[in-house]
Amino acid sequence: MALTTYINAGVFDGIGNLDLPRKVRYKARRKAAVQPLKKDKTCRIGRTYADYVLFREENPDTPVVQMDSVIGKKGVDEKVLLTIHIVNCHLMLAFIRERNSTASVIEVFDKLKLKLGHDDFTRIFPVILTDNGSEFSDPIPIEMDRPTGEILTQVFYCDPNMSQQKGACENNHEFIRRIIPKGRSMNPYSQEDIDLMMSHINSYLRAELGGKSPYDMFEFLYGNDILGKLNIRRIDPREVVLKPELLLKQ
């Protein structure tokens, strides 16, 4: 341990920082930002990407959703998005959160389970693939119906630093970045703003969907009532806006 550490602690009577003429000229070091820690370090057991591949081989017809966070401006007091991409129809949901924490992710899923009910939740979200972000490190409350203990979905993790394993989600983030550029604070936005943005994104016609929109494809697979519960509405394709102007605040 450095001698200055003992002096700072007052171990030596009569000797302080003013007795060290060089030290008093030093600027205080900037404290490193507190890094979020994984709540459950064993969360990947039985949920690795290899486990996901095996599951898909055994259940090839089971729909998959991909989950991620989208950060605007970095900072502990900055809002972030949770994105959930439904791969079979390219529809993406997004939820604004006050902070990037496990609790905020679990809260989103608690609300989804309540809104959709048992049958629709398990039908739309049977498998979730995500990355190794600390906000996703408590999977059991996501998977489980907490009142009954029933497992409703299964969470799997990509390999470390292999975000391309959930490439559909990553690619769809490009639409969000057209409206909320990287580095822009999300603090001014409400969930209503995010719902509006996602309604425009999900109404955008896609060549890979045969000229249909993700809204059209989801409606065909799951029905219009669920879209209403998810606060996604159809926007006339001629009126879709994918620019920052969509969410300009007065």
How much accessible surface does I71 have with a 1.4 Å probe, in Å² rounded to 10? 70
Residue by residue through the range 221-227, what is 3J(HN,Hα) from phi via Karplus (6.51 cos²θ - 1.76 cosθ + 1.60, θ = phi - 60°)? Round to whole Hz and write x for glycine and proline. 7, 10, x, 6, 4, 5, 4
With every protein chain in place, the accessible area of H118 for a 1.4 Å probe, in Å² rounded to the nearest 10, comes to 80
If you plug each phi of the range 117-132 into the Karplus form 6.51 cos²θ - 1.76 cosθ + 1.60 with θ = phi - 60°, what whole-Hz ³J(HN,Hα) values come out, in order, with x for Gly and Pro? x, 4, 5, 5, 5, 5, 6, 8, 10, x, 9, 10, 10, 9, 9, 9
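Please give me, ordered by residue number, the trypsin sites (Lys or Arg not before Pro) of the range 182-242 that lie in loop per DSSP and have at most 14 other Cβ atoms within 10 Å. Write out the running numbers ahead of the final one.
On the way: sites: K182, R184, R206, K212, K229, R233, R234, R238; in loops: K182, R184, R233, R234.
When the trypsin sites (Lys or Arg not before Pro) of the range 182-242 are filtered for loop state and at most 14 Cβ neighbours within 10 Å, K182, R234 remain.
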Regression test value, accessible area per residue of the range 166-250, probe 1.4 Å, units Å², expected 53
Report, by chain and number, residues whose modeled amide H sits under 5 Å from the one on F156, excluding near sequence neighbours (fewer than 5 apart, same chain). I128, L129, T130
For the range 120-191, radius of gyration divided by Kirkwood radius, i.e. Rg to Rh on alpha-carbons: 1.04
Quick check: net charge around T122, other residues with Cβ under 13 Å of its Cβ, Lys/Arg +1 and Asp/Glu -1? -3
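Heavy atoms only, probe 1.4 angstrom, no DNA, RNA or ligands counted: give me D68, D131 ranked by accessible area, highest first. Could you put the intermediate results ahead of the total?
Numbers: D68 10, D131 35 Å².
In descending accessible area the options line up as D131, D68.
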If each Cα of the range 32-152 is one equal point scatterer, what is log10 of I(q)/I(0) from the Debye formula at q = 0.15 Å⁻¹? -0.73
Calculated from backbone phi, Karplus (6.51, -1.76, 1.60) coupling profile of the range 173-183 in Hz, x at Gly/Pro: 4, 4, 5, 4, 5, 5, 9, 10, x, 4, x
For the range 33-147, dividing by residue count, accessible area per residue (probe 1.4 Å) in Å² works out to 48
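Just the number, please: carbon plus sulfur as a percent of the accessible area of the range 56-136, 1.4 Å probe, no ligands or DNA/RNA counted.
Details: 1650 of 3310 Å².
That share works out to 50 percent.
The values are calculated or read from the model by the stated rules, or taken from the named source; none is laboratory data. Worth saying up front: this structure is predicted, and the values here are computed from it rather than measured. Don't worry about glycine lacking a Cβ; one is built from the backbone with ideal geometry, like all the others, and counts go over all protein chains shown. Heavy atoms of the whole protein, side chains included, go into the accessibility calculation; ligands, DNA and RNA do not. Shrake-Rupley method; radii C 1.70, N 1.55, O 1.52, S 1.80 Å.
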